[in-house]
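A short write-up of the structure that comes next.
The values are calculated or read from the model by the stated rules, or taken from the named source; none is laboratory data. None of these values were measured; they are calculated from a predicted model. Note that each Cβ is placed from the backbone with ideal geometry, even for glycine, and that neighbours are counted across all protein chains shown.
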């Protein structure tokens with residue numbers, strides 16, 4: 001299990017295929033939805049990332065089919081990818097907890113108030 | 001009926017890929033592309049087409065994030081940006097003191113050639129762009145950081161060549177072809193590294209951002225201290241030490257990151273180590289004059305690098321020994 005932080009596009013792609021296998025276009029749509037439209041993966045960029053994640057063993061080809069004359073390949077997380085994503089989620093959760101704790105320690109009072 | 005022109009366009013785009021790659025991956029890329037551009041506006045279609053052209057070019061050059069060279073560029077980019085842009089923070093301070101002293105106002109009031117003024121202005125803008133690139137890089141905003149750094153690195157040489165070519169040819173480069181090659185090659189290579197870094201592997205991880213911030217802070221602090229001490233006019237051992245620190249600080253910071261990368265295992269760590277080493281080479285290339293001004297500068301730099309490599313080797317050996325002793329120890 002890696003403890004290194006992931007780049008955002010990578011973690012979003014892993015997240016997109018975490019609940020169920022998805023094909024390329026569905027991944028781009030999920031990524032867009034999860035990031036509130038902030039991250040748009042274009043075809044070439046997405047395909048590069050998928051190839052890299054396949055090579056790294058983070059995702060695997062779940063199925064290959066032809067729909068409406070188009071080759072469609074769906075991708076799913078491997079156990080290694082699942083562990084990587086879980087570690088990333090844990091890292092983000094720990095950061096969020098720490099941030100909330102520190103914010104709670106210092107709560108500024110109303111303006112002009114004295115101790 | 002509307003399928004035909006779209007399909008023809010996709011087929012034309014696919015032809016840009018190498019034949020073997022197209023045979024293996026073409027149908028899937030075409031399927032994703034067709035889904036994405038379905039019901040999309042003209043702008044989205046153009047962006048998609050541009051992205052596929054870029055991707056095809058990357059596949060030809062083995063620069064996708066799945067290829068070794070692409071990963072190497074992604075690993076090298078933040079460190080290269082850091083060493084190239086770090087002096088700009090002190091440059092800004094220097095420029096601001098010139099403004100404060102009224103030197104700049106006097107320079108403009110005195111008149112002079114338009115070309116000189118343009119080059120001066122480009123230099124100021126380039127320095128500001130590099131400083132902003134550092135801030136954006138340290139904040140994890142890679143896209144603006146990359147653009148600003150490229151502008152900062154390229155703008156001044158281009159402006160100088162455009163407006164002061166005579167000076168460059170007859171006074172700087174005459175009988176010094178190596179210097180000319182170096183002056184042209186250095187910004188070109190830096191731009192290529194920043195430009196070719198794969199889009200889906202932006203160097204925005206904590207480690208990348210820390211490296212950019214650490215090199216920038218080390219460079220700024222040591223430059224400022226050395227400058228402040230030097231301006232007192234007394235040459236003491238402290239001044240000389242500060243000048244040495246000024247010259248070696250970025251290298252020392254990079255040595256720490258080199259040690260960290262070499263001490264780790266795995267493919268990613270190897271790319272990071274190669275990236276840090278590349279940035280060190282750029283730093284030596286860029287600032288070899290500064291290093292040469294320090295007594296035993298080369299020796300000190302070599303010692304720093306040697307220490308980082310040796311320390312990493314020791315850590316790896318210890319880790320290896322612990323791992324190989326582990327099962328035996330637990331079995332007893």
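Odds and ends about this structure:
- Boolean, residue B:143 is within 14 Å of chain A (Cβ to nearest Cβ) and surrounded by fewer than 16 Cβ atoms within 10 Å (Cβ to Cβ): yes
- Residue-level analysis places residue B:137 among those that are crowded, with 21+ Cβ neighbours inside 10 Å, away from every other protein chain (no Cβ under 11 Å) and touching a residue at least 12 places away in the same chain (Cβ under 8 Å).
Per-residue answers, yes or no, for (1) modelled with pLDDT under 90; (2) surrounded by 18 or more Cβ atoms within 10 Å (Cβ to Cβ):
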site: B:10; (1), (2): yes, yes
site: B:15; (1), (2): no, no
site: B:21; (1), (2): no, no
site: B:24; (1), (2): yes, no
site: B:36; (1), (2): yes, yes
site: B:51; (1), (2): no, yes
site: B:62; (1), (2): no, no
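- Within this structure, residue A:78 passes the test of being surrounded by fewer than 21 Cβ atoms within 10 Å (Cβ to Cβ) and either closer than 22 Å to residue B:11 by Cβ or away from chain B (no Cβ under 12 Å) (or both).
- Screening region A:21-50 for residues that are closer than 19 Å to residue B:54 by Cβ and surrounded by fewer than 19 Cβ atoms within 10 Å (Cβ to Cβ) and picking the one that is nearest to the other protein chains (Cβ to nearest Cβ) gives A:40.
- Across region B:50-68, not a single residue is classified as within 14 Å of chain A (Cβ to nearest Cβ), under 26 Å from residue A:66 (Cα atoms) and more than 29 Å from the chain's Cα centre (by Cα).
- As a summary of the residue check, residue B:6 satisfies the conditions (1) part of a helix (DSSP H, G or I); (2) modelled with pLDDT of 85 or more except for the one numbered (2).
Residue-by-condition table, conditions (1) within 14 Å of chain B (Cβ to nearest Cβ); (2) touching a residue at least 12 places away in the same chain (Cβ under 8 Å); (3) under 28 Å from residue B:24 (Cα atoms):
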site: A:57; (1), (2), (3): yes, yes, yes
site: A:66; (1), (2), (3): yes, no, yes
site: A:73; (1), (2), (3): yes, yes, yes
site: A:99; (1), (2), (3): no, no, no
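- Conditions (1) more than 14 Å from chain B (Cβ to nearest Cβ); (2) not in a loop (DSSP other than H, G, I, E, B): number failed by residue A:18: (2)
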